[in-house]
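Visitor: Have a look at the structure that comes next, please.
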Amino acid sequence: MPSIITHAAVPLALWCAADRGRISPRLLAAGVIAAMLPDADVLAFALHIPYADAFGHRGASHSLLFACVLAALAAVLAFFGSRRPWSAGLCQPRLASTVQAAVFVFVCAASHPLLDAMTSGGLGVALAWPWSEHRFFAPWRPIRVSPFAPQFFSARGVATLLSELRWVWLPLAGAVIAWKLIHPASAAPRDPS
């Protein structure tokens, strides 16, 4: 896996690329949590669940179904969590923010197994669970697999962070800068008076 820190790169890059205010701080926090949450399955080791099990590390929580469940939860929270009272006049903005929350959280959650599939080790990710327990790897795997907590601050951990900087953080930063150059922020409306 990339380090837990690097899984936050995708939601942060999307937030940086979006126009200011488009992604609220709450939605950004939800995206960061969704991007990191699949690695909660490391608790399976403490529960003696084998790595290769469907509920082991990189199993069910690394599936696209899991990303869909998180997206549905985000949509429900966005829809019912709005401080505005329900009325027909507010239906369109409320629906748009609900869809935005669901899509953003899905992309953030799905980025986790996709990054893990690009690492140099492990068993792959169960993207198609529950329909298949096959573990997938990307055809190109440049990211060094992260050591677990006890060895994270070792030479191997530093090498992993440098690998993540090279293959995740710098390309995403470059993509954000390119996006901002191609699509500059819309100008603030001018006062006609």
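Visitor: Calculate for the chain the 222 nm mean residue ellipticity that helices alone would give, adding -39,500 (n - 2.57) per DSSP H run of length 4 or more and normalising by residue count, nearest 500 deg cm²/dmol.
Guide: Computed ellipticity for the chain at 222 nm equals -15000 deg cm²/dmol.
Visitor: Follow-up. Expressed in nm², what is the orientationally averaged projection area of the convex hull enclosing the Cα positions of region 6-87?
Guide: Averaged projected area of region 6-87's Cα convex hull equals 7.0 nm².
Visitor: Can you list the HN-Hα couplings for region 118-130, worked out from phi with the Karplus curve (6.51, -1.76, 1.60; θ = phi - 60°), rounded to whole Hz and with x for Gly and Pro?
Guide: 9, 8, 7, x, x, 9, x, 10, 8, 4, 9, 4, x
Visitor: Are there chymotrypsin sites (Phe, Trp or Tyr not before Pro) in region 106-177 that DSSP puts in a loop and that have at most 13 other Cβ atoms within 10 Å, and which ones?
Guide: Sparse-neighbourhood loop chymotrypsin sites (Phe, Trp or Tyr not before Pro): W131, W140, F148, F153.
Visitor: Go ahead and run the numbers for FRET between R22 and L65, Cβ-Cβ distance against an R0 of 35 Å, rounding to 0.05.
Guide: Once rounded, the FRET efficiency stands at 0.80.
Visitor: Continuing with this model, one more query. Taking each full run of DSSP H in the chain as one helix, which ones are at least 20 Å long along their axis (Cα atoms) and have mean Kyte-Doolittle hydropathy of at least 0.5?
Guide: In the chain, the long hydrophobic H runs are 64-80, 91-117.
Visitor: What is the ratio of the Cα radius of gyration of the chain to 2.2 N^0.38 Å, with N the residue count, to two decimals?
Guide: The chain yields a ratio of 1.16.
Visitor: Stokes-Einstein diffusion coefficient for region 27-73 at 4 °C in a medium of 1.567 mPa s, Rh from the Kirkwood formula over Cα pairs: what value in µm²/s?
Guide: Stokes-Einstein gives a translational diffusion coefficient of 117 µm²/s.
Visitor: Let's test the formula: R0 of 45 Å, r as the Cβ-Cβ distance of F79 and H183. What FRET efficiency results, to the nearest 0.05?
Guide: E(calc), rounded to 0.05, equals 0.95.
Visitor: Mind checking region 1-57 for trypsin sites (Lys or Arg not before Pro) that DSSP puts in a loop (not H, G, I, E or B) and that have at most 16 other Cβ atoms within 10 Å?
Guide: Listed in order of number, the matching sites are R20, R22.
Quick note: the coordinates plus some simple rules give every number you see, no bench work behind them. Quick caveat: nothing in here was measured; it's all calculated off a predicted structure. Because the Cβ atoms are built from the backbone with ideal geometry, glycine has one as well, and the counts that use them run over all protein chains shown.
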